[in-house]
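K.L.:
Would you mind keeping the following structure in view while I ask a few things?
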């Protein structure tokens, strides 16, 4: 593929209570039922059922973490939309 | 004609009522703001998740998934979301009236069982001829997502075991402060999204197509029910706020009418007394 890969992903973490995250990020790690799934810009379309664990993402050097319990993610080359049932802010 | 004392008493009692309705309006306003914020904050979820459902159904080629398939409606379950407390204008009465006529129409062709949320709904439907499956009342405004999830899983079980063929939810949708809209929404089976053409390459699935869809659709139903519930809460608070505002306004009008009447009577009695004095003076003067 000669297309230039995008250099960031639009990450949205949406819970039934509110929009938790809406940011341009460099890298996302999602909790799969039995492993961790790292997503970089330009990923091919993928639907993932998430397990319990930590969702983390990186903007430049800053890393943020949330613990999530299940949910689903819709992944495309330039976006990751995470619909999660319950996410608690680990830092707060 | 009412006496002055009577009128004063009435004015006093209307003023007391007005104090109470004003206080209730303040409380309802605060609660309404809270639930409105919740509805607003949860909007992104409702705007985005049907899109995801559409995409999933399209790519998974799952048009015949049991949760998407329409069956002949022999037995249906009706879910009514009312409120625990009254004093919120026509919020409950309109909802219950509309739901009753909807169920009576459905009763012609199918068995109707009901699941009711809110004391007002329970009181109303206990006097009707429909069998009640489950009722939830007292502090329903404190119900969490987990509580509602239990309800939706119960409904889902009924559907999957073929005990029910469809589930309808009737609730007040929060459109604006002035007008809640009574909505009848089919919860199960899901409305299969129209055949849309999604662009792009066939996506990957993790863990697998069927496992993904089997975990996604029930969760989608859970969140839908929660959505209906939070809309109804916001609509209830808005209705109560409006009802209390109207009540305060009516009390205000009543007070001004009564005061006018009071003043008229007072004036009349003063005039009468003056007249009497004048006549007395005249009588004395002419002697």
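K.L.:
Within the bounds of the range B:184-202, is there any residue that is buried (at least 16 other Cβ atoms within 10 Å of the Cβ) and within 13 Å of chain A (Cβ to nearest Cβ)?
P.N.:
no
K.L.:
Follow-up. Within the range A:44-73, track down each residue that is surrounded by fewer than 21 Cβ atoms within 10 Å (Cβ to Cβ) and either within 12 Å of chain B (Cβ to nearest Cβ) or touching a helix residue (DSSP H, G or I) at 6+ places or on another chain (Cβ under 7 Å) (or both).
P.N.:
A:44, A:45, A:46, A:51, A:69, A:70 - these are the residues of the range A:44-73 that are surrounded by fewer than 21 Cβ atoms within 10 Å (Cβ to Cβ) and either within 12 Å of chain B (Cβ to nearest Cβ) or touching a helix residue (DSSP H, G or I) at 6+ places or on another chain (Cβ under 7 Å) (or both).
K.L.:
Still on this structure, please answer the following. Any residue that is within 20 Å of the chain's Cα centre (by Cα) and either in contact (Cβ under 8 Å) with a residue 24 or more places away in the chain or on the phi > 0 side of the Ramachandran plot (or both) - is there at least one of those in the range B:55-78?
P.N.:
The answer is yes; a qualifying residue exists.
K.L.:
Would you check if residue B:232 is surrounded by 13 or more Cβ atoms within 10 Å (Cβ to Cβ) and either touching a residue at least 40 places away in the same chain (Cβ under 8 Å) or assigned to a helix (DSSP H, G or I) (or both)? Give the derivation first.
P.N.:
Details: surrounded by 13 or more Cβ atoms within 10 Å (Cβ to Cβ): yes; either touching a residue at least 40 places away in the same chain (Cβ under 8 Å) or assigned to a helix (DSSP H, G or I) (or both): yes.
Spelling it out, residue B:232 is indeed surrounded by 13 or more Cβ atoms within 10 Å (Cβ to Cβ) and either touching a residue at least 40 places away in the same chain (Cβ under 8 Å) or assigned to a helix (DSSP H, G or I) (or both).
K.L.:
Here's another thing I want to ask about it. Does residue B:277 satisfy the criteria of being more than 26 Å from residue B:94 (Cβ to Cβ), more than 14 Å from every other protein chain (Cβ to nearest Cβ) and either in contact with a helix residue (DSSP H, G or I) (Cβ under 6 Å, 6 or more places away or on another chain) or not in a helix (DSSP H, G or I) (or both)? Steps first, please.
P.N.:
Details: more than 26 Å from residue B:94 (Cβ to Cβ): yes; more than 14 Å from every other protein chain (Cβ to nearest Cβ): yes; either in contact with a helix residue (DSSP H, G or I) (Cβ under 6 Å, 6 or more places away or on another chain) or not in a helix (DSSP H, G or I) (or both): no.
Criteria not met by residue B:277.
K.L.:
Go over the candidates A:16, A:31 one by one and state the one that is crowded, with 20+ Cβ neighbours inside 10 Å and modelled with pLDDT under 85.
P.N.:
A:16
The values are calculated or read from the model by the stated rules, or taken from the named source; none is laboratory data. What you see is a predicted model, and the numbers here were worked out from it, not measured in a lab. For neighbour counting, all protein chains shown are included, and Cβ atoms are generated from backbone atoms with ideal geometry for every residue, glycine included.
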